Amino acid sequence: MLAVGLMSGTSLDGIDAALVRILPRGPTYALELVRFQTFPFESALYDELLAALPPNAASVAAVARLHHALGAVFARAAKTITGSAAIDFVASHGQTLFHDGPRHVTLQVGDAFMIREATGATVCYDFRSADCAANGHGAPLVARVDALLLAHAGEDRVALNLGGIANITLLRKGASPEEAVAFDTGPGTMLLDAFVAERTKGRQRFDADGDLARAGHVDETLLAQMLADEFFEAPIPKTTGRERFGKHFLAQHARLSTLTVEDGAATLCELTAASVARAIRDTGLPTARVIAAGGGARNRTLMERLAARLAPAFVEPSDAMGLPVEAKEAMAFVVLGYEALRERAGNVPAATGAARPVVLGAIAPHNLRALLARVQGECTTSS
């Protein structure tokens, strides 16, 4: 089956679109990435998004306009990545405008019906709400996908996502997908990106390859102050986002404004490395193989600092597992879309805190009966 996965995360670097061939294979899936592209947001839409995101408070009209505008750009991304191929379905995460895991409130926008109109295919969307309705945090959602694709019978592994927010999935050797443990560890690249954009007056939106951080020195006093944030000591399951680690977090630590851009980047890079490493150590898998994905996995300085803090554990990008770091999350939502179509639970209650396993996602149907028949046929063949 051929499907498109669409993902836009907290880093706001654009829409990741992956054209994926997916086939059930026993309890797991065989995935082949056919094409991948990131479609950056145009500057006007990027500014509208920033104005709507916490700590700002957008009007209902502004949210409705963003829902429509993002639906159009998600649709274009899906149509472009598809090209002349005939696809079976689209799985769209949308763009999170608000998320409060402990209160079970979440909102992703990007009109799925516009995507359906553009592609002529069924669209699976709104993946977080079902978990929240079951008293879960609605995140992290890729724990089940990590367990299906990356768990190993012979070694402990940790799947690490370095997006705007960092999260980990703990995969103990021989454990079932339902036994996976996942949670957000704190900032991924969000604070570093915001700092660099602010200090360069928008000329740079991120620290390319970690060059700024590599040239700087960590302010240990400031690092200790930031690591004292109560989130890092909070029990799991836990999630976080821009509501806690947005630009206002930078303003709360005024010492940052006295540092050079290089020293500030080095300190914020170390904040991510230190918080991720602490989370992995505290969960009892200090020597597990760490498989990193997300845009931050291309930041060489961040990866080096993680490797140093996690030694002797081995840290590697997910490319080595056939999941390109930039495409992994978009590919993961293809898996969640397929799980929804076969009516299998996509959440892991141990990761999200939900009361029970639930099927994730809503469906904008197009020839749905025929699609479900193809899903059933593939699953029967693979069993």
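Annotations for the structure displayed:
- In a fully extended conformation the segment linking His217 and Arg369 would gain 48.8 nm over its present Cα-Cα distance, using 0.36 nm per residue.
- Radius 15 Å from Cβ of Lys173, net charge of other residues (Lys, Arg +1; Asp, Glu -1): -1
- Cut-off under 5 Å, modelled amide H: who pairs with Ala151 long-range: none
- Other residues with beta-carbon under 14 Å from the beta-carbon of Asn347 carry, at +1 per Lys or Arg and -1 per Asp or Glu, a net charge of -3.
- Other-chain or far-sequence residues with amide H under 5 Å of Val90's (modelled H): Val4, Thr122, Val123, Cys124
- Sequence-ordered 3J(HN,Hα) estimates for the range 29-34 from the Karplus curve with 6.51, -1.76 and 1.60 and θ = phi - 60° stand at 9, 9, 10, 10, 7, 8 Hz, glycine and proline given as x.
- Point-to-point label distance, Ala320-Ala153, nm (Cα→Cβ direction, 7 Å offset): 2.2
- In order along the range 201-218, phi translates into HN-Hα couplings of 6, x, 5, 10, 9, 7, 8, 4, 6, x, 5, 5, 4, 5, 7, x, 10, 6 Hz, rounded to whole numbers, per the Karplus curve 6.51 cos²θ - 1.76 cosθ + 1.60 with θ = phi - 60° and x for Gly and Pro.
- Glu316 sits among other residues whose Cβ lies under 14 Å from its own Cβ, and their net charge, with Lys and Arg +1 and Asp and Glu -1, is +2.
- Among the trypsin sites (Lys or Arg not before Pro) in the range 183-286, those placed in a DSSP loop whose Cβ has at most 12 other Cβ atoms within 10 Å are Lys201, Arg203.
- Across the range 179-195, rounded Karplus estimates of 3J(HN,Hα) from the backbone phi angles (6.51 cos²θ - 1.76 cosθ + 1.60, θ = phi - 60°) give 8, 5, 10, 9, 6, 6, 9, x, x, x, 10, 4, 5, 4, 4, 4, 5 Hz, Gly and Pro being marked x.
- FRET efficiency for His248 and Arg281, using Cβ-Cβ distance with R0 set to 30 Å, rounded to 0.05: 0.55
- Largest-first principal axis extents of the Cα set of the range 143-321 (Å): 49, 31, 26
- Within the chain, DSSP assigns beta bridges of which about 70% are antiparallel (rounded to the nearest 5).
Throughout, read-outs are computed from the coordinates displayed, never taken from laboratory work. Being a predicted model, the structure only gives us computed values, none of them experimental. Here the Cβ is made from the backbone with ideal geometry for all residues, glycine too, and neighbour counts use every protein chain on show.
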